[in-house]
1. Would you check if there is a residue in region B:35-48 being within 14 Å of chain A (Cβ to nearest Cβ) and open to solvent by 10 Å² or more (accessible area, probe 1.4 Å)?
2. Could you please find all residues in region B:1-15 being assigned to a strand (DSSP E or B) and crowded, with 23+ Cβ neighbours inside 10 Å?
3. Filter region A:83-111 for residues that are aliphatic (A, V, I, L, M), open to solvent by 10 Å² or more (accessible area, probe 1.4 Å) and over 22 Å from B:VAL16 (Cβ atoms) and give the result.
4. Pairs, please: C-beta under 7 Å, at least 6 apart or cross-chain, first residue more than 10 Å from every other protein chain (Cβ to nearest Cβ) and assigned to a helix (DSSP H, G or I) and in region B:105-118, second among the polar types (S, T, N, Q) and open to solvent by less than 50 Å² (accessible area, probe 1.4 Å)?
5. Just to check your reading of the model, which residue among A:ASP71, A:ASP130 is open to solvent by 60 Å² or more (accessible area, probe 1.4 Å), acidic (Asp, Glu) and either in contact with an Asp or Glu (Cβ under 7 Å, 6 or more places away or on another chain) or more than 14 Å from chain B (Cβ to nearest Cβ) (or both)?
6. Looking at region A:80-130 only, could you name the residues that are within 17 Å of the chain's Cα centre (by Cα) and small (Gly, Ala, Ser)?
7. Among A:VAL120, A:VAL84, A:VAL148, A:VAL89, which is the only one that is away from chain B (no Cβ under 11 Å) and at pLDDT 95 or above?
8. Of everything in region B:57-90 that's open to solvent by 20 Å² or more (accessible area, probe 1.4 Å) and in contact (Cβ under 8 Å) with a residue 40 or more places away in the chain, which residue is farthest from the other protein chains (Cβ to nearest Cβ)?
Amino acid sequence: MSVETMVSLPSDVEMIEIVTQVWASFLDDELLPVFADAAGSTGNRLVAWVSISGEWTGHLQVTTTPGGARDITAGMFQLEAAEVETGEVADAIGEIANMIGGTVKGMVGASAALSLPQVVLDASALISPDAHEVVQVRFQWRGEPIEVSLWERRDSNGGGQR
Amino acid sequence: MRVLVADDSTVMRRIVVRTLRQAGIDFDEVLEAADGRQAYEAALADGPDLVLSDWNMPEMTGIESLRAIRAAGSDVLFGFVTSEGSDEMRAEAEAAGASFLITKPFTAETFRDALEPFVD
């Protein structure tokens, strides 16, 4: 009989709290969750993620539209949206993923390692072939969708439990 | 007071400096480092009074940077500003010579509470 280390993954409510805290601190604004199933976006999207490796292995992903990413970046840098440059978008959205991922890492295993953030500016057709989604929460901010999801690697040592 | 802010994210360095101002911490010069090696070099070469450093950075991590700074004989006031704040990391930071660890996201109040015992 195999013995698996079960780790406790964040619930939807906990994930919403983590993300809204980031917004309150660094964008000085309220972020509202969206609970209704929205139709899948067919437009361009930007994805930022950090990997967590340890007792539980997977990644924390933040997805938004180019417009949403520009607004978040402008808010964090305190610039006008029109002044925002591509490098600043990658920096800001990567840092959002890093902050949320760092908090999640603390919940799934103290000894886990957190990667540096990775950002794909045009991720319309990007998929995660070796992972499946275990948590997904959605928000809307200034009319743009923001999705935060947690993906578990299929060969992760410990099965995540919610 | 001269403050060295080390973080591989440009926006986070800006936010840290903005939060220091909001917290009413008096400083007259900000130095910046974009990775742990730059932080180590600047801490020794530029003589800051305070180092605020991220943990997870390229080249050298924040904890490696701190250990190298202490090994070189510097006793500069050093605190972490990081997205990860487990008990293990706090203990590791303290053992290496850090005075405090602030977790992201933070507020001006968090900064004030962490820094007040150490700065005027």
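The values are calculated or read from the model by the stated rules, or taken from the named source; none is laboratory data. In this text, all values refer to a predicted model and were calculated from it rather than measured experimentally. Please note: Cβ atoms are built from the backbone with ideal geometry, for glycine as well, and neighbour counts cover all protein chains shown. Ligands, DNA and RNA are excluded from the accessible area calculation, which covers all protein heavy atoms including side chains. Shrake-Rupley method; radii C 1.70, N 1.55, O 1.52, S 1.80 Å.
1. Within region B:35-48 (the criterion being within 14 Å of chain A (Cβ to nearest Cβ) and open to solvent by 10 Å² or more (accessible area, probe 1.4 Å)), the answer is yes, since at least one residue qualifies.
2. B:LEU4, B:VAL5, B:ALA6
3. A:MET107, A:ALA110
4. Pairs that qualify, where the first residue is more than 10 Å from every other protein chain (Cβ to nearest Cβ) and assigned to a helix (DSSP H, G or I) and the partner is among the polar types (S, T, N, Q) and open to solvent by less than 50 Å² (accessible area, probe 1.4 Å), are B:PHE111/B:THR19.
5. When all the criteria are applied, what remains is A:ASP130.
6. A:ALA90, A:ALA92, A:GLY94, A:ALA97, A:GLY101, A:GLY102, A:GLY106, A:ALA113, A:SER115, A:ALA123, A:SER124, A:SER128
7. Being away from chain B (no Cβ under 11 Å) and at pLDDT 95 or above holds for just one of A:VAL120, A:VAL84, A:VAL148, A:VAL89, which is A:VAL148.
8. Across region B:57-90, the extreme among qualifying residues is B:LEU77.
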